[in-house]
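Data block below; observations after.
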Amino acid sequence: MSSLKIRLTDEVKQAMRDKASERLGTLRLLMAAIKQKEVDERKDLTDADIVAIIEKQVKQRRESIAAYEQAGRTETAAQETTEMAVLKEFLPQAASDEEVTAAIDAAFATVQAQGITGAPAMGKVMAILKPALAGRADMSALSAKVKARLA
């Protein structure tokens, strides 16, 4: 069993003891998503796999918040924001702007050394950055920075 999964299980138990129903609900949804992935793939997930699931859940919350705020449903948006905060607790510490910039510089250097420029370079750079910054940086913001640099 991965250390992150053990930590999540402990957090579910603690939320039950604390009678923190909103936190418990969010954690149970996350545990269900993890269990579903394990059943689908017929294997125990690693910490990296679990981080990927958490990232996906955070991205879904972010999109939902934008949609709810646009529709004027502030209460629902606030609930999604709370859930997103709980999920972010289990992601690795976010990369600093300096780390992100350094990673982008290194990825560009690697791609340019291969002689790839223009639009194809975008995919190659993102392929290098995704595993390097997984769970530590917002991939959509990272993509926007790479695209701006290519322009």
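The values are calculated or read from the model by the stated rules, or taken from the named source; none is laboratory data. Keep in mind that this is a model prediction, so the values were computed, not measured. Positions of Cβ are generated from backbone atoms using ideal geometry, with glycine treated the same way; all protein chains shown enter the neighbour counts.
Pairs linking a residue in the range 41-62 that is of a type in the set (A, V, I, L, M) to a residue that is modelled with pLDDT of 90 or more and outside any helix (DSSP H, G or I), with Cβ atoms under 7 Å and 6 or more positions apart or on different chains, are Ile54/Phe90.
If you scan the range 3-23, which residues turn out to be exposed (fewer than 13 other Cβ atoms within 10 Å of the Cβ) and in contact (Cβ under 8 Å) with a residue 40 or more places away in the chain?
First pass over the range 3-23, keeping only residues exposed (fewer than 13 other Cβ atoms within 10 Å of the Cβ): 3, 6, 10, 13, 17-19, 21-22.
Result: Ser3, Glu22.
For the range 62-151, the helices (runs of 4 or more DSSP H) that sit wholly inside it and include 1 or more residues that are at pLDDT below 90 are 97-113, 119-133, 139-150.
The rows are residues; the columns are (1) of a type in the set (S, T, N, Q); (2) more than 20 Å from the chain's Cα centre (by Cα); (3) more than 18 Å from Ala141 (Cα to Cα).
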{"position": "Leu8", "(1), (2), (3)": "no, no, yes"}
{"position": "Arg17", "(1), (2), (3)": "no, yes, yes"}
{"position": "Glu22", "(1), (2), (3)": "no, yes, yes"}
{"position": "Ala52", "(1), (2), (3)": "no, no, no"}
{"position": "Glu63", "(1), (2), (3)": "no, no, no"}
{"position": "Met84", "(1), (2), (3)": "no, no, no"}
{"position": "Leu87", "(1), (2), (3)": "no, no, yes"}
{"position": "Gln112", "(1), (2), (3)": "yes, yes, yes"}
{"position": "Ile116", "(1), (2), (3)": "no, yes, yes"}
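A search for C-beta distances below 7 Å between a residue of the range 110-137 that is without any contact (Cβ under 8 Å) to a residue 12 or more places away in the chain and any residue that is part of a helix (DSSP H, G or I) and surrounded by 13 or more Cβ atoms within 10 Å (Cβ to Cβ), counting only pairs 6+ apart in sequence or on different chains, returns Ile116/Lys124; Lys130/Met139.
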